[in-house]
Structure formats: structure tokens, C-alpha cells
1. Tell me which residues, restricted to region 192-212, are within 13 Å of ligand 1 (Cβ to nearest atom) and either surrounded by fewer than 17 Cβ atoms within 10 Å (Cβ to Cβ) or within 20 Å of Val135 (Cβ to Cβ) (or both).
2. Can you pull out the residues in region 133-159 that are in contact (Cβ under 8 Å) with a residue 60 or more places away in the chain and in contact with a Ser or Thr (Cβ under 9 Å, 6 or more places away or on another chain)?
3. So which pairs qualify, if the first residue must be in region 259-276 and among the acidic types (Asp, Glu), the second must be away from ligand 1 (no atom under 12 Å from the Cβ) and part of a strand (DSSP E or B), the Cβ gap must be under 7 Å, and the two must be at least 6 apart or on different chains?
4. Out of all the residues in region 169-207, which are assigned to a loop (DSSP other than H, G, I, E, B) and either farther than 15 Å from Thr149 by Cβ or of a type in the set (Val, Ile, Thr) (or both)?
5. On the given criteria, is Tyr189 away from ligand 1 (no atom under 12 Å from the Cβ), under 24 Å from Leu294 (Cβ atoms) and modelled with pLDDT of 95 or more?
6. Taking only region 153-168 into account, find how many residues are within 23 Å of Gly254 (Cβ to Cβ) and either in a helix (DSSP H, G or I) or among the basic types (Lys, Arg) (or both).
7. Scan region 298-329 residue by residue and report those that are part of a loop (DSSP other than H, G, I, E, B), buried (at least 16 other Cβ atoms within 10 Å of the Cβ) and hydrophobic (A, V, I, L, M, F, W, C).
8. How about region 40-70: which of its residues are away from ligand 1 (no atom under 16 Å from the Cβ), under 19 Å from the mean Cα position of the chain (by Cα) and without any contact (Cβ under 8 Å) to a residue 60 or more places away in the chain?
Amino acid sequence: MPETATNHSVQEFTPDIQNRTASIYERVKHVIPEVEWAIHAPVIAAINDLKRERNAVLLAHNYQTPEIFYGVGDICGDSLGLAQKGAETEADVIVMCGVHFMAETAKIMSPDKTILLPDMDAGCSLAASITGADVRRLKEQYPGVPVVTYVNTTAEVRAEADICCTSANALKIIESLGTERVIFIPDEYLGQYVAAQTDVEIILWKGCCEVHERFTGEELREYRTSYPGIHVMAHPECPQDVLKEADFVGSTTGMIQHVAEEQPEKVVLITECSMSDNVAVEFPSVEFIKPCNLCPYMKKITLPAILRSLQTMSPAIDIPRDISERARLSLEKMLAVGRA
Ligand code: 13P
Ligand code: SF4
């Protein structure tokens with residue numbers, strides 16, 4: 001029976017633990033089998049106890065598995081929502097159940113708080129596709145052209161940019177600048193998607209999300225044949241041929257809002273696969289067809305890793321002050337523009 005740093009033990013699945021976690025299980029029972037719950041529940045109980053003791057809040061991205069999202073998440077959402085709400089929390093400690101760039105956002109917005117990322121290998125292929133030096137070279141190549149960076153980038157890259165955006169507000173942010181041209185980094189597909197909707201000329205970078213680039217237009221057409229009447233929703237990090245086949249394109253939270261508004265009978269979410277489980281919990285009457293493209297980085301975050309992180313108060317995010325202060329400006333400008 002492992003002991004936590006603050007004398008919480010991870011117990012067996014006792015009747016007490018079963019009682020304490022019963023209301024959570026009632027919500028997720030359609031997506032988590034009982035036999036798995038017996039493993040998750042004691043860790044969930046230990047994490048929730050430790051969160052109170054540490055005055056910690058747990059931010060969970062929509063791609064986290066349901067036992068994290070519903071079991072221990074306090075603030076859940078897309079990367080814009082986590083940035084907005086994370087900046088407002090009064091807690092001393094933020095545990096980021098998402099990826100490294102999201103934890104950096106939390107640190108930039110709350111430099112005096114402890115920001116824990118349960119596994120430092122929770123990266124992102126988009127963030128890895130560009131460096132601060134690359135951005136400096138782009139600025140030399142296109143003097144005076146503003147740089148809009150997708151928030152899926154390192155703090156160093158954001159420090160070099162004029163403004164950040166997420167998939168929920170990219171078009172609005174680009175148009176808010178009032179210029180004829182912008183440099184848009186690093187997601188080429190998101191950049192192409194926005195370019196098709198605006199007169200602003202967009203200079204692109206060749207980064208992509210290794211999860212969303214795997215979808216194809218052909219795959220979407222097959223869903224329509226196999227499931228007549230299906231509502232197809234896609235994340236704008238997908239390639240253009242995929243987005244052309246979709247009925248709706250939006251950020252992860254945009255897709256959830258769309259399901260709530262339209263309540264389609266059958267849905268396929270062309271995005272990371274835990275998202276469908278999480279949304280299915282909220283909309284039991286909607287049938288979800290679940291393609292499974294996992295984000296290997298999001299999946300580094302597990303209940304045992306979260307517990308360990310809260311026990312040891314590590315690993316914690318640290319960003320050099322000058323980078324953090326410059327990156328904060330581009331984030332604050334984005335937050336001032338808000339959601340599309
Ligand atoms: P959202 O901003 O839509 O939550 O997306 C973040 C992300 O990493 C998508 O792959
Ligand atoms: Fe990065 Fe893609 Fe994973 Fe999102 S899904 S964190 S963009 S690799």
C-alpha cells in the first residue's frame with residue numbers, strides 16, 4: 001500500500017472509497033468499465049484529498065481520459081478556456097493535465113504559483129516544430145510583418161511573437177491586427193484554414209499536429225457511407241481535404257458547444273480519441289462513432305503520475321523571467337480579444 005508524502009495512502013477499493021467516488025462513477029459508467037473503476041477510484045480519492053491539502057486546482061484539457069477529466073479535473077476545457085480560467089484561479093498550485101505548452105501558459109499568467117506538469121515528456125509536435133531562433137529569422141525575412149503564434153508553442157517562441165491565438169480565435173486574432181499580411185506559426189493546416197476565410201495574406205510555417213494530420217478526406221467519406229446521416233465535426237489542425245468534408249470545424253470546446261446546440265443523432269469527432277468519451281458522458285442520447293487517434297503526449301498524464309506530482313510537488317515549470325514577461329504580453333493581447 002504506497003504512502004503519499006502527506007500520509008495519504010492509496011487504499012484498496014474499499015466500501016468507503018466506493019462510496020466517496022460513487023457520484024463520479026455514476027457519470028462515467030458508460031465509458032469506464034467497473035473493473036477499471038476499481039483501479040482508478042482509490043487513486044482519484046487520494047488525489048482529491050491531496051488537492052485540498054495543497055490548495056491545488058487541477059486543469060484538464062478535453063483530450064484527457066475520462067477518469068482524469070471527470071475524476072479529478074476542477075477546470076476543464078480547450079486550450080483557450082484553460083488559459084483564461086487558469087489565470088483567474090486563487091489556488092497556490094496548478095496541476096496541468098494537458099501538455100507542456102499549456103503548463104507554460106499557466107506559469108506565464110501566474111508566475112508566483114507552483115505549476116506542476118505530472119510528466120515533462122508531455123510535449124507537442126507543433127511546439128517542437130519551431131524555435132525562437134526560427135521566429136527571429138522569419139522577422140528578418142519579413143520586416144514589419146506581425147507574427148501570430150498558435151499557443152501550441154514554447155514560451156520562447158511566444159516571447160518572439162506579437163500575439164498568440166488558439167484554434168478558437170485564430171481568424172479573429174489575425175483580423176484584429178488590421179494589417180495586410182501576417183506571419184502565422186507553426187500550424188500550416190490551421191493557417192491554410194484561416195487563409196481561406198480572410199483577405200489577410202498569411203505567411204505559413206510547415207508545422208503540423210502528428211495526431212490530426214493522420215485523418216484523411218477518404219476516411220470521412222467512408223464514415224458517411226457506413227453511418228448515413230452522421231454529423232462530421234473536425235478540428236482545424238486537420239489537413240484541408242479533411243476540413244472540406246466536415247459539417248463543422250472548431251476547437252475542442254467549439255465542437256462540444258456545437259453538439260449541445262445541434263444534438264445530432266450520430267456524431268464523429270475528427271480529433272484526439274479521449275474527447276469522444278468525455279463528450280459522450282455529457283450527451284448520452286447522442287451516438288458517438290469513435291475513431292481512435294491518440295495523442296501520445298496527452299496520454300503521458302495518468303492518475304498515478306498526477307498523484308506522484310502532488311506528493312512530491314514536482315516536476316514544476318520554470319521559465320526565465322525575461323522570456324516569461326515577453327510571452328505574457330502576447331498572451332494578454334490574445335486574452336483581451338477573447339473567443340471568436
Ligand atoms: P484546443 O485549443 O482546440 O483545445 O486544441 C488544443 C490541441 O492541442 C489540439 O490538438
Ligand atoms: Fe500537440 Fe497534436 Fe497532441 Fe494537440 S493533439 S497536443 S497539437 S500533438
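1. As a first pass, look at region 192-212 and keep what is within 13 Å of ligand 1 (Cβ to nearest atom): 193, 207-212.
Correct list: Gly207, Cys208, Cys209, Glu210.
2. Listed by number, the residues that qualify are Thr149, Val151, Asn152, Ala155, Glu156, Arg158, Ala159.
3. Glu262/His231; Glu265/Glu287
4. Taking region 169-207 and keeping what is assigned to a loop (DSSP other than H, G, I, E, B), we get 169, 177-180, 186, 196-200, 205-206.
Gly178, Thr179, Glu180, Ala196, Gln197, Thr198, Asp199, Val200 - these are the residues of region 169-207 that are assigned to a loop (DSSP other than H, G, I, E, B) and either farther than 15 Å from Thr149 by Cβ or of a type in the set (Val, Ile, Thr) (or both).
5. On the way: away from ligand 1 (no atom under 12 Å from the Cβ): no; under 24 Å from Leu294 (Cβ atoms): yes; modelled with pLDDT of 95 or more: yes.
Answer is no for this residue.
6. Count: 1.
7. Within region 298-329, Ile301, Ile317, Ile319 qualify.
8. Val57
The values are calculated or read from the model by the stated rules, or taken from the named source; none is laboratory data. Keep in mind that this is a model prediction, so the values were computed, not measured. Don't worry about glycine lacking a Cβ; one is built from the backbone with ideal geometry, like all the others, and counts go over all protein chains shown.
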